[in-house]
């Protein structure tokens, strides 16, 4: 059978799986003017009922960011806002409260980076800063300590790459 369409089409968004749900957050949507703009909106897909539900919007509009599921929370890291400004902020979504809250920001603004979750830690690599500096950094966020830790850098600077 065919999957239900998302409530709003978007690009440059992020997707994460948590529990029995698929979450889609941020990205760009086309405005009436034909221009695209970063958004705060987010939704959740329930495969049991083939249905989508809007969830609370993020505090910041975000595109080209990372969304990771750690334990019972989603984390949105960096990206660009509706003014195309690169962000250092990190938000945590609690599905039980349907609420986003800020946690410890990244130490610099970052966009077009990659991320993955391993053993309860959120790993972030590469990206580009607000001064257009490509990065080779590897950082890890420990949500139990609300702390960012630096790890050995990559050999090459990378943007628009992936981690798994």
Checklist entry - Looking only at region 30-56, which residues are modelled with pLDDT of 95 or more and surrounded by 15 or more Cβ atoms within 10 Å (Cβ to Cβ)? => result 37, 38, 39, 40, 41, 42, 43, 44, 45, 52, 55, 56
Item to check | The listed residue being at pLDDT 95 or above, assigned to a loop (DSSP other than H, G, I, E, B) and surrounded by 15 or more Cβ atoms within 10 Å (Cβ to Cβ), out of 105, 162 | outcome: 105
Checklist outcome for this item: Within region 76-110, the residues that are touching a residue at least 60 places away in the same chain (Cβ under 8 Å) and closer than 14 Å to residue 135 by Cβ are 77
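Answer yes or no: is there a residue in region 70-78 that is surrounded by 13 or more Cβ atoms within 10 Å (Cβ to Cβ), farther than 15 Å from residue 18 by Cβ and at pLDDT 95 or above.
Initially, region 70-78 is screened for residues surrounded by 13 or more Cβ atoms within 10 Å (Cβ to Cβ), giving 70, 73-78.
Cutting the leftovers down to farther than 15 Å from residue 18 by Cβ gives us 77-78.
After this cut, where a residue has to be at pLDDT 95 or above as well, the list is 77-78.
Looking for residues that are surrounded by 13 or more Cβ atoms within 10 Å (Cβ to Cβ), farther than 15 Å from residue 18 by Cβ and at pLDDT 95 or above, one finds at least one in region 70-78, hence yes.
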Next on the checklist: Which condition from (1) within 14 Å of the chain's Cα centre (by Cα); (2) within 25 Å of residue 118 (Cβ to Cβ); (3) in a strand (DSSP E or B) is the one that residue 43 breaks?
Outcome noted: (2)
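The values are calculated or read from the model by the stated rules, or taken from the named source; none is laboratory data. Just so you know, these numbers come straight off a predicted model, no measurement behind them. Cβ sites come from the backbone with ideal geometry, for glycine too, and all protein chains shown count toward neighbours.
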